[in-house]
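Please read the structure below before turning to the comments.
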C-alpha cells in the first residue's frame, strides 16, 4: 500500500498541473471567480463533455457566447421559450436545442428552489438528478439508479468540491471524502492496471468499487488522483503503456 501511495503521490505532483488542463472542458471554469457563475458553467461544460474533444470545446463556446460572461443572470432572467429561441439550431452530436433548453430550465428551477447547486447536492445525488431533470429522465444528467457511471455529473462535483491547482472548487459545505470517481474509459483503464476492479464495464457499481480502493489510500480525498491518471490516454504524449511502466517500477 505504501508503494502504491508513493506512486500516486508522485504522479499527482508531476501531472496535477494547470498547464496540463487544456483541452479539458474544465478550463472554462477558470474564467468565473464567483461560485454562482462557476457552478452554472460547470454543469454546462460537464453535461456535453462527450464525443471528440475539439467538438466539445466548440459547442461550449457556442453555448457561452449569448451568456456574455454572466451565467447566473442569464439563467435566472430567461424562460424556457427564451432559451429555445436563443439556441435555435444548436446541435452537439445528439444534443439538440430542446435538450439544452431543458437543461437551462432545470438549472433555473434549482436556483429558484434551493438558491444554489451546493444546497441541492447536500440533499443527495438522486435528489440532485431529479430536481435538475424535473423528475424526467435525461442523458445529460443521468441517474446512478439507472446504472450509469454518471461520469460527467461526478466530474462536475469534483470540479466544485475539490480545490487545488487544477480543480477550482467553490463549494464550502461539502467534503471531498464523499466524491465518487468520474469513471470514463481512461479512469477505468487506470483502475484496471492498478488492480482496483475486475468488472468488465465502467458502470456506477464499478465507480463505487474503484472509489473505495482510492479511499484506502486517500480517505479524505479519494478522487485526488483522477486528473493525473486520466492524462494517460487523453494526451498524445502519454499512453497507458507509460502508466504500466510506472506501476511496474514502483512494484518492483
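For region 167-204: of the residues being within 18 Å of residue 44 (Cα to Cα) and touching a residue at least 60 places away in the same chain (Cβ under 8 Å), which is surrounded by the fewest Cβ atoms within 10 Å (Cβ to Cβ)?
Filtering region 167-204 for residues that are within 18 Å of residue 44 (Cα to Cα) and touching a residue at least 60 places away in the same chain (Cβ under 8 Å), the one surrounded by the fewest Cβ atoms within 10 Å (Cβ to Cβ) comes out as 168.
Taking residue 126 as the residue in question, decide whether it is more than 13 Å from residue 43 (Cα to Cα), assigned by TED's automatic domain parsing to the domain that holds residue 43 and not in a helix (DSSP H, G or I). Break it down into steps so the answer makes sense when it comes.
Values: more than 13 Å from residue 43 (Cα to Cα): yes; assigned by TED's automatic domain parsing to the domain that holds residue 43: yes; not in a helix (DSSP H, G or I): no.
Judged against the criteria, residue 126 is not a match.
Among the numbered criteria (1) modelled with pLDDT of 95 or more; (2) surrounded by fewer than 18 Cβ atoms within 10 Å (Cβ to Cβ); (3) part of a helix (DSSP H, G or I), which single criterion is violated by residue 131?
Failing condition for residue 131: (2).
Run residue 35 past the list (1) touching a residue at least 24 places away in the same chain (Cβ under 8 Å); (2) out of contact with any helix residue (DSSP H, G or I) (no Cβ under 9 Å at 6 or more places or on another chain) and report the number of the one that doesn't hold.
The failed condition is (2).
Out of all the residues in region 162-169, is one or more assigned to a helix (DSSP H, G or I) and within 25 Å of residue 31 (Cα to Cα)? Full working, then the answer.
Taking region 162-169 as the starting set, the residues that turn out to be assigned to a helix (DSSP H, G or I) are none.
So far as region 162-169 goes, no, none of its residues is assigned to a helix (DSSP H, G or I) and within 25 Å of residue 31 (Cα to Cα).
Please state which one of 64, 11 is touching a helix residue (DSSP H, G or I) at 6+ places or on another chain (Cβ under 8 Å) and either modelled with pLDDT under 95 or not assigned by TED's automatic domain parsing to the domain that holds residue 132 (or both). Steps first, please.
Numbers: 64 fails: either modelled with pLDDT under 95 or not assigned by TED's automatic domain parsing to the domain that holds residue 132 (or both).
Testing whether each residue is touching a helix residue (DSSP H, G or I) at 6+ places or on another chain (Cβ under 8 Å) and either modelled with pLDDT under 95 or not assigned by TED's automatic domain parsing to the domain that holds residue 132 (or both) leaves just 11.
Can you say whether residue 94 is touching a helix residue (DSSP H, G or I) at 6+ places or on another chain (Cβ under 6 Å) and either surrounded by fewer than 14 Cβ atoms within 10 Å (Cβ to Cβ) or in the same structural domain as residue 136 (by TED's automatic domain parsing) (or both), as far as the supplied structure shows? It would help to see each step written out before you state the result.
On the way: touching a helix residue (DSSP H, G or I) at 6+ places or on another chain (Cβ under 6 Å): no; either surrounded by fewer than 14 Cβ atoms within 10 Å (Cβ to Cβ) or in the same structural domain as residue 136 (by TED's automatic domain parsing) (or both): yes.
Criteria not met by residue 94.
What is the number of the single condition among (1) closer than 30 Å to residue 220 by Cα; (2) in contact (Cβ under 8 Å) with a residue 24 or more places away in the chain; (3) surrounded by fewer than 20 Cβ atoms within 10 Å (Cβ to Cβ); (4) in contact with a helix residue (DSSP H, G or I) (Cβ under 6 Å, 6 or more places away or on another chain) that residue 114 does not meet?
Going through (1) closer than 30 Å to residue 220 by Cα; (2) in contact (Cβ under 8 Å) with a residue 24 or more places away in the chain; (3) surrounded by fewer than 20 Cβ atoms within 10 Å (Cβ to Cβ); (4) in contact with a helix residue (DSSP H, G or I) (Cβ under 6 Å, 6 or more places away or on another chain) one by one, residue 114 breaks only (2).
Among the residues of region 46-56, is any out of contact with any strand residue (DSSP E or B) (no Cβ under 6 Å at 6 or more places or on another chain), part of a loop (DSSP other than H, G, I, E, B), free of Cβ contacts under 8 Å to residues at least 24 places away in the same chain and at positive phi?
Step one: of region 46-56, the residues out of contact with any strand residue (DSSP E or B) (no Cβ under 6 Å at 6 or more places or on another chain) are 46-47, 49-56.
Next, only the ones that are part of a loop (DSSP other than H, G, I, E, B) stay: 49-52.
This time we only want the ones that are free of Cβ contacts under 8 Å to residues at least 24 places away in the same chain, so: 52.
Now drop any that are not at positive phi, which leaves none.
No, that holds for no residue.
Within region 234-252, restricting attention to residues that are outside any loop (DSSP other than H, G, I, E, B), at pLDDT 85 or above and under 23 Å from the mean Cα position of the chain (by Cα), which residue is surrounded by the most Cβ atoms within 10 Å (Cβ to Cβ)?
The residue in question is 243.
Would you check if residue 67 is surrounded by fewer than 19 Cβ atoms within 10 Å (Cβ to Cβ), over 21 Å from residue 166 (Cβ atoms) and without any contact (Cβ under 8 Å) to a residue 40 or more places away in the chain? Before you say what the answer is, go through the steps one by one.
Details: surrounded by fewer than 19 Cβ atoms within 10 Å (Cβ to Cβ): yes; over 21 Å from residue 166 (Cβ atoms): yes; without any contact (Cβ under 8 Å) to a residue 40 or more places away in the chain: yes.
When the stated conditions are applied, residue 67 passes them.
The values are calculated or read from the model by the stated rules, or taken from the named source; none is laboratory data. Quantities reported herein were computed from a predicted structural model and do not represent experimental measurements. Glycine also receives a Cβ, built like all others from the backbone with ideal geometry; neighbour counts cover every protein chain displayed.
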